[in-house]
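Colleague: One structure, as structure tokens, below. Some questions next.
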Amino acid sequence: MEGSSYRVVFEKGGVYLHTSARKHQDPDSLIAGVLRVVEKDSDVLLHWAPVEEAGDPSQILFSKKDSSEPSTTDEEPTFDPGYEPDWAVISTVRPRPHPAEPRGGAEPSCPRSSWAFTVSLGELKSIRRSKPGLSWAYLVLVTQAGGSLPALHFHRGGTRALLRVLSRYLLLASSPQDPRLYLVFPHDSSALSTSFHHLQLFDQDSSNVVSRFLQDPYSTTFSSFSRVTNFFRGALQPHPEGGSSPDLPLLPDDEPEPGFEVISCVELGQRPTVQRAPPVTEEEWSRHVGPDGRLQNIPELKSRIFSGGLSPGLRREAWKFLLGYLSWEGSAEEHRVHVGKKTDEYFRMKLQWKSVSAEQERRNSLLHGYRSLIERDVSRTDRTNKFYEGPENPGLGLLNDILLTYCMYHFDLGYVQGMSDLLSPILFVVQNEVDAFWCFCGFMELVHGNFEESQETMQRQLGQLLLLLRVLDQPLCDFLDSQDSGSLCFCFRWLLIWFKREFPFPDVLRLWEVLWTGLPGPNLHLLVACAILDMERDTLMLSGFGSNEILKHINELTMKLSVEDVLTRAEALYRQLTACPELPHNVQEVLGLAQPEEPSSPSPPMSPLPLSTRAPPSPMPRREDVVAQPDSSLEILPEDEDGTDS
């Protein structure tokens, strides 16, 4: 394409079309291609072609969606691959018909070339960007005529770079109704007036604003705009040489993820110094136990656990309270009665799968699948820990039985890989089958959303983590964005199983008991992730890491982190944020300092997070005590005296 009449100003490989809406796509439905922005004469074109056709645009024709064409076949149900219904799927570009012309008996040209297309930027009406999440980012481009190009999936990143290039030729304005939808306008004042009118950014006459804006863009922006995304600011900034530069334009300030408000204006104060306390001892715990076995001064006790953790010998009792198995307000007699009921309930559920014969299981694919998956995962869970080592270790059998019983307890969720990692430390500490089961159920009440097939909870947490990180360290976010790591997917495992594989086993026990207190607010685990990234900030930014090196470095942190250092920094970050008098309301929501605002209309989990200058209220405990239960009766496991903590 490079020649006297063409000039390629942007080129990105690894841009795929997903040409099937079926749940199980065959490899042929993923078409790899090259996306280019090309200046041709007085026009600017967006061109995509599969890799084998990427060098020849002569046969490309963009055509509108033909509603008369037959729908997809009914031989397999379709599913939503991640877009909203009106953006779902392909079949919107059709090739120019031409007869096949095999050359010298060779095979006809690859049918993949029929998906290639070229469209003038002037024909674009809007661009929709995917939600930040765990899958490949994609863009959907809609034309003035209402047709849409097939979704462009960027398997190697690059959506941000493409939008920055397009902003040199177009105005990309975020829609107030949908923050992931960018309205496209040409670079002229009349179109700019129209965009201001549609976006309702100003109370005054938009044409007057435009004239003032073109004369003094900066002062007009900061005096008149209440909400401006960085893409919009970058698009409106004049280029230094009066024309399109082959380099990507420099953005004036920070570059937030589209869909989030510009929050770089938040000024955080000095980060406070935090000193953690020594662990709560058995003697200290006993001072909180009343004559009838009822705990006293519970808020103070929880605060001590948060600031220092628990001594190893106290965990077996205290974890039952932290995980809701025993009630903080219950007496010793109430606990005894409660444990008896829960013991009977557990063994009734266990009998349900124990009584299934081999013949029955052959006709129960779900139970058979759970059993196979659990056996495989248990066989490799914490096998280096002395408590679980050896081929005939009884602890492995109990892990297996508890997880299968949980499938009877929670039919909808069943067993998902990773749950064995959450159960293992609990069984190690309480060393009792029934107690471990109900403590595990309490833990799963906190994290069951992590294991749901939709992954909405994980996507929401990654979005909240990104929001916190943008407030705390915008330059780090910009660096990660520049290396196609801005989605923070390398933190997925951290959040999924609460850092179980990142710290040594004794440190995991300390970390979890602190998180289970619910103090100083919800989502402390997100601040733990921020603390780790803050500790590794200089290494990441000064080493020139690319996306692969970033992932490799994060993975190599496993077992090298100090839980006390991380918790100290996480608490300091929390105090630094809560001391800010202009903390955005959406950040307050994540930290539990404000109630979520009632939305006027349904919005996706990753919707824009509006700024608010209201002062944060005083911190409150995250959750009131869950109904709890007492010490189980069936002592199946022997005591292990190696459960020391550092």
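Colleague: When you go through (1) more than 19 Å from Leu469 (Cβ to Cβ); (2) surrounded by fewer than 19 Cβ atoms within 10 Å (Cβ to Cβ) one by one for Glu513, which number turns out not to apply?
Modeller: (2)
Colleague: If you don't mind, another one. So, Asp507, is that one farther than 28 Å from Glu456 by Cβ and buried (at least 20 other Cβ atoms within 10 Å of the Cβ) or not? Outline the logic, then answer.
Modeller: Values: farther than 28 Å from Glu456 by Cβ: yes; buried (at least 20 other Cβ atoms within 10 Å of the Cβ): yes.
The answer is yes for Asp507.
Colleague: Can you spot a residue in region 554-571 that is among the acidic types (Asp, Glu), touching a helix residue (DSSP H, G or I) at 6+ places or on another chain (Cβ under 9 Å) and open to solvent by less than 30 Å² (accessible area, probe 1.4 Å)?
Modeller: Kept after step one, since they are among the acidic types (Asp, Glu), are these residues of region 554-571: 556, 564-565, 571.
Narrowing further to those that are touching a helix residue (DSSP H, G or I) at 6+ places or on another chain (Cβ under 9 Å): 564-565, 571.
Among the residues that remain, those that are also open to solvent by less than 30 Å² (accessible area, probe 1.4 Å) are: 571.
Yes, there is a match, as at least one residue in region 554-571 is among the acidic types (Asp, Glu), touching a helix residue (DSSP H, G or I) at 6+ places or on another chain (Cβ under 9 Å) and open to solvent by less than 30 Å² (accessible area, probe 1.4 Å).
Colleague: Next question, about the same structure. Give me the pairs: first residue in region 115-139 and farther than 18 Å from Gly13 by Cα and open to solvent by 20 Å² or more (accessible area, probe 1.4 Å), second residue part of a strand (DSSP E or B) and at pLDDT below 80, beta-carbon distance under 8 Å, and six or more apart or on different chains, which are they?
Modeller: As it stands, the answer is Gly122/Pro186, since those pairs meet every condition given.
Colleague: Next question. What pairs can you find where one residue is in region 568-588 and in contact (Cβ under 8 Å) with a residue 24 or more places away in the chain and part of a helix (DSSP H, G or I), the other is open to solvent by 10 Å² or more (accessible area, probe 1.4 Å) and basic (Lys, Arg), and their Cβ atoms are less than 7 Å apart, with a gap of 6+ or different chains?
Modeller: What qualifies is Thr568/Arg276; Ala572/Arg271; Gln576/Arg271; His585/Arg614.
Colleague: Still on this model: Filtering region 518-553 down to residues that are part of a loop (DSSP other than H, G, I, E, B) and open to solvent by 40 Å² or more (accessible area, probe 1.4 Å), which residue is nearest to Gly442 (Cα to Cα)? Don't jump to the end; show me each part of the working.
Modeller: Taking region 518-553 first, the residues part of a loop (DSSP other than H, G, I, E, B) are 518-523, 536, 543-546.
Keeping just the survivors that are open to solvent by 40 Å² or more (accessible area, probe 1.4 Å) gives 543-545.
Details: Ser543: 42, Gly544: 43, Phe545: 40 Å.
Checking each candidate, the answer is Phe545.
Colleague: Look through Glu536, Glu456 and report the one residue that is more than 28 Å from Pro278 (Cα to Cα) and among the charged types (D, E, K, R).
Modeller: Working: Glu536 fails: more than 28 Å from Pro278 (Cα to Cα).
Glu456 is the lone residue from the list that is more than 28 Å from Pro278 (Cα to Cα) and among the charged types (D, E, K, R).
Colleague: Determine whether Leu301 is at pLDDT 95 or above, under 30 Å from Ala436 (Cβ atoms), buried (at least 20 other Cβ atoms within 10 Å of the Cβ) and in contact with a Cys (Cβ under 9 Å, 6 or more places away or on another chain). Working first, answer last.
Modeller: On the way: at pLDDT 95 or above: yes; under 30 Å from Ala436 (Cβ atoms): yes; buried (at least 20 other Cβ atoms within 10 Å of the Cβ): yes; in contact with a Cys (Cβ under 9 Å, 6 or more places away or on another chain): no.
Criteria not met by Leu301.
Colleague: Please work out which residue is surrounded by the fewest Cβ atoms within 10 Å (Cβ to Cβ), limiting yourself to region 428-463 and to residues that are more than 23 Å from Lys342 (Cβ to Cβ) and among the polar types (S, T, N, Q).
Modeller: For region 428-463, the residue satisfying everything is Ser454.
Colleague: Now a separate question. I'd like the residue in region 284-298 that is over 30 Å from Arg569 (Cβ atoms) and open to solvent by 40 Å² or more (accessible area, probe 1.4 Å) and, out of all such residues, is nearest to the chain's Cα centre (by Cα). Working first, answer last.
Modeller: Filtering region 284-298 down to residues over 30 Å from Arg569 (Cβ atoms) leaves 286-287, 289-296.
Remaining after also requiring open to solvent by 40 Å² or more (accessible area, probe 1.4 Å): 286-287, 289, 291-292, 294, 296.
Details: Ser286: 41, Arg287: 42, Val289: 41, Pro291: 47, Asp292: 46, Arg294: 41, Gln296: 39 Å.
Of everything passing the filter in region 284-298, Gln296 is nearest to the chain's Cα centre (by Cα).
Colleague: Could you count how many residues in region 447-480 are in contact (Cβ under 8 Å) with a residue 24 or more places away in the chain and part of a loop (DSSP other than H, G, I, E, B)? Steps first, answer last, please.
Modeller: To start, the set of residues in region 447-480 that are in contact (Cβ under 8 Å) with a residue 24 or more places away in the chain comprises 447-448, 450-452, 455-456, 458-480.
Pick out the ones that are also part of a loop (DSSP other than H, G, I, E, B) and you get 452, 455, 473.
Counting residues in region 447-480 that are in contact (Cβ under 8 Å) with a residue 24 or more places away in the chain and part of a loop (DSSP other than H, G, I, E, B) gives 3.
Colleague: Take the residues in region 481-499 that are over 19 Å from Asn548 (Cβ atoms) and in a helix (DSSP H, G or I); name whichever of them is least open to solvent (accessible area, probe 1.4 Å).
Modeller: Pass one, region 481-499, residues over 19 Å from Asn548 (Cβ atoms): 495-499.
Next cut, in a helix (DSSP H, G or I) only: 495-496.
Working: Leu495: 0, Leu496: 31 Å².
Out of the qualifying residues, it is Leu495.
Colleague: If you don't mind, another one. Across region 365-398, which residue is nearest to Asp435 (Cα to Cα) among those that are without any contact (Cβ under 8 Å) to a residue 12 or more places away in the chain and open to solvent by less than 70 Å² (accessible area, probe 1.4 Å)?
Modeller: Here is the first cut: in region 365-398, the ones without any contact (Cβ under 8 Å) to a residue 12 or more places away in the chain are 365, 368-369, 372, 376, 380, 383-384, 389-393, 397.
Of the ones still in play, those that are also open to solvent by less than 70 Å² (accessible area, probe 1.4 Å) are 369, 372, 390, 393, 397.
Values: Gly369: 26, Ser372: 24, Gly390: 24, Asn393: 19, Gly397: 15 Å.
Result: Gly397.
The values are calculated or read from the model by the stated rules, or taken from the named source; none is laboratory data. Given the structure is predicted, the values throughout are model-derived calculations rather than measurements. With ideal geometry, Cβ positions are generated from the backbone for all residues, glycine too; neighbour counts draw on all protein chains shown. These accessible areas exclude ligands, DNA and RNA; they are computed on the full protein's heavy atoms, side chains included. Shrake-Rupley method; radii C 1.70, N 1.55, O 1.52, S 1.80 Å.
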